[in-house]
Structures are given as structure tokens and as C-alpha cells.
Amino acid sequence: MNHDSLVAIDFHTHAEVSCRNPFDNYGEEYDRAADKYFGSDRRPTIAETVAYYRERNIGLVMFTVDCEAQQGRRRIPNEEIAQAARENSDMMVAFASVDPHKGKMGAGEAERLIREEGVRGFKFHPTVQGYHPYDRMAWPIYEVINDYKLPAIFHTGHSGIGSGMRCGGGLRLAYSNPMHLDDVAIDFPDMQIVMAHPSFPWQDEALSVATHKPNVWIDLSGWSPKYFPKQLVQYANTLLRDRVLFGSDYPLITPERWMRDFEQAGFKPEVMPGILKGNAVRLLGLAE
């Protein structure tokens, strides 16, 4: 990635539409509920998302969420995202997602994706995937990520997915309490853990874990910065200034809206460049 020429690096973007898989409307009610929750109707292809970010000179980290065991919905191929990243290596990095229920088979896939496809990290969504992050079922995949010293993004806090649906779509919010990541951070010290989103209603737990464990980071995706809890801004300005990352959650939130509101959210001018790009450059090893 030619990070010097980029305005920022968005650490949290979603692959929404595959150009390889046939259309799959299974579970589409979750998409419609999320659209309503976020006030969004964007479902771009991977190529459309890349073009969108290139036009704005913003780098991006892209991933899908593999929740095949819990929801029965075919995932977007990790290989498709990795190919897009190779073709746009000046401004894009691919992360992969492997359902933790796949155990040792998932671990083998994770290693293949690193070695053959060049993925630079992984994404987990405990609420949608239906597991506690500390569940040893996931250990084989974590071990691979730890061995390669790669980052892993974990959804934390409230989930826009399922919000407003009958019984919340059957999704359990408690899986995404950031305190569950404390055990993971201890047992996998070489895996850099990124807690995604302001972790409502557990913001203080997230700040505690990140302050205590130096291999834990926070990305600021999924919310407009004008709604961030005061303590999150305070810690981003001080103790955690080197481990906080810009993320939008595109296409559910656009980087333009996020960056516009970021200017008015109380972040110190001296920490803003690190949040927008510098911290991501270090985490991804782009300056090495």
C-alpha cells in the first residue's frame, strides 16, 4: 500500500456483493433490518467499493463475515476479496473471515489464505457467528493468526445486524462483550486484537481491556464520531492514542460522513493523523 499518498486508511469496510457467487437472498431480512437501522441502502460490489475509495484517495481494509454455521448464508469468497486487494495493492488490504465453528478445518483454510492469497488479517463477529470469543472451539484458528503475528478484528458491543427484528433475529448481544477478549489477549499475545466499534453498552470494559493489554486496539467504526462516548474520546486523546483506528463500517456509514463529524468530535489535532492513518500503518506493518 502506498500509504504516503493516501488521505486516510479505513480499517473497517465490508464486502457486500460477490461477483463470483450466484445471488443468495437467504437471510436477506437481516440486510433489510440493518439498512433500516443505519439509514442506508447501499449494497455495492467489491469493485464498486474499491472504485469509491480510489476516487476519494482513501485506503481500505476489506473483509466479509463468515457466519455459515449460525445463519446458513453463503459467505462471499475470501479469495475474491484477496484478488481485489492484489489488483489494488496501492490502496487496499484484504482480511479474511473463517467461521470459528470450522475448527481445525478453518485453521487450515486460514493458513492457506495467508500463504497463498496474501490476506493480512482476520475478522470475527461473535454475535452473528454465535460464539464466545474465548471458546476453545476457535483456538485452532487463533493459533494460526498468532503464529503469523497478524491482526484480528472482533465485533464488540451492540449489533445493528438483527436490530428491530423479532427476537433480534435470534442473535445474542452478550457474545460481543469486549471483556470476553481479555482471555484471548492473554493466550495469544502475538495476535493484535482490534475491538471494532464503540462497545455500547460496554464502553468502559473495552477501554479497560485495551489499556491493560498492549496487543488490543480499538477501531471507531459503526458510529458517527459525534455520538462517541466522552470517555472513548478522552482515552483516544491520551492513553490509547497510539492504538485507536479510523473505521467507517462502509457501506453502512460513509467515510465522508465519518471524517466530517470526526473534525467536530473533540479529538486533539495532534492525535488525529495517527487515528486517520498512522496507527493503521504501524499495525499493518506498511512502513517495514
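The values are calculated or read from the model by the stated rules, or taken from the named source; none is laboratory data. Computed from a predicted structure; not experimentally measured. Using ideal geometry, Cβ is built from the backbone for each residue, glycine included, and neighbour counts are taken over all protein chains shown.
Got a number for residues in region 134-160 being crowded, with 24+ Cβ neighbours inside 10 Å, closer than 18 Å to Glu68 by Cβ and over 14 Å from the mean Cα position of the chain (by Cα)?
Qualifying residue count for the region: 2.
Taking the condition of being in contact with a Phe, Trp or Tyr (Cβ under 7 Å, 6 or more places away or on another chain) and either at pLDDT 95 or above or assigned to a helix (DSSP H, G or I) (or both), how many residues in region 73-87 meet it?
So the answer is 1.
Since Leu239 meets every condition but one in (1) in contact with a Leu (Cβ under 6 Å, 6 or more places away or on another chain); (2) more than 30 Å from Ala85 (Cα to Cα), which condition does it not meet?
The number of the failed condition is (1).
Pull up region 213-241, narrow it to residues that are assigned to a loop (DSSP other than H, G, I, E, B) and basic (Lys, Arg), then point me to the one that is nearest to Gln192 (Cα to Cα).
Once the filter is applied, the top-ranked residue is Lys213.
Among the residues of region 1-36, how many are part of a loop (DSSP other than H, G, I, E, B) and either in contact with a strand residue (DSSP E or B) (Cβ under 7 Å, 6 or more places away or on another chain) or at pLDDT below 65 (or both)?
Number satisfying all stated conditions: 12.
Can you confirm whether region 240-249 contains a residue that is buried (at least 22 other Cβ atoms within 10 Å of the Cβ), at pLDDT 95 or above, closer than 26 Å to Ser208 by Cβ and of a type in the set (Ser, Thr, Tyr)?
Among the residues of region 240-249, at least one is buried (at least 22 other Cβ atoms within 10 Å of the Cβ), at pLDDT 95 or above, closer than 26 Å to Ser208 by Cβ and of a type in the set (Ser, Thr, Tyr), which makes the answer yes.
Exactly one of (1) over 22 Å from His14 (Cβ atoms); (2) surrounded by fewer than 17 Cβ atoms within 10 Å (Cβ to Cβ) is unmet by Gly164. Its number?
That leaves (1) as the condition not met.
With the requirement that a residue be surrounded by 19 or more Cβ atoms within 10 Å (Cβ to Cβ) and part of a loop (DSSP other than H, G, I, E, B), what does region 49-72 give you?
Those that are surrounded by 19 or more Cβ atoms within 10 Å (Cβ to Cβ) and part of a loop (DSSP other than H, G, I, E, B): Thr64, Val65, Asp66, Cys67.
Every residue, every condition in (1) at negative phi; (2) outside any strand (DSSP E or B), yes or no:
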| residue | (1), (2) |
| --- | --- |
| Gly103 | no, yes |
| Glu109 | yes, yes |
| Lys123 | yes, no |
| Val128 | yes, yes |
| Pro133 | yes, yes |
| Ala138 | yes, yes |
| Val144 | yes, yes |
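Of these, Ile153, Ile161, which one is modelled with pLDDT under 95, among the aliphatic types (A, V, I, L, M) and either at negative phi or touching a Phe, Trp or Tyr at 6+ places or on another chain (Cβ under 6 Å) (or both)?
Just one listed residue meets the conditions, Ile161.
Take the conditions in contact (Cβ under 8 Å) with a residue 24 or more places away in the chain, outside any loop (DSSP other than H, G, I, E, B) and not hydrophobic (A, V, I, L, M, F, W, C) and apply them to Gly169. Does it pass?
Criteria met by Gly169.
Assigned to a helix (DSSP H, G or I), touching a residue at least 24 places away in the same chain (Cβ under 8 Å), of a type in the set (A, V, I, L, M, F, W, C) and touching a Ser or Thr at 6+ places or on another chain (Cβ under 9 Å) - does that describe any residue in region 242-260?
yes
Kindly establish whether Gly285 is in a loop (DSSP other than H, G, I, E, B) and either within 19 Å of the chain's Cα centre (by Cα) or surrounded by 14 or more Cβ atoms within 10 Å (Cβ to Cβ) (or both).
Criteria met by Gly285.
Just to check your reading of the model, which residue among Gly118, Gly106, Gly59, Gly39 is at pLDDT 95 or above, under 22 Å from Ser224 (Cα atoms) and not hydrophobic (A, V, I, L, M, F, W, C)?
Gly59
What about His197, is it at positive phi, modelled with pLDDT of 95 or more and touching a Phe, Trp or Tyr at 6+ places or on another chain (Cβ under 7 Å)?
Yes.
Can you find, within region 261-282, the residue that is surrounded by the most Cβ atoms within 10 Å (Cβ to Cβ) among those that are without any contact (Cβ under 8 Å) to a residue 24 or more places away in the chain and part of a loop (DSSP other than H, G, I, E, B)?
Glu263
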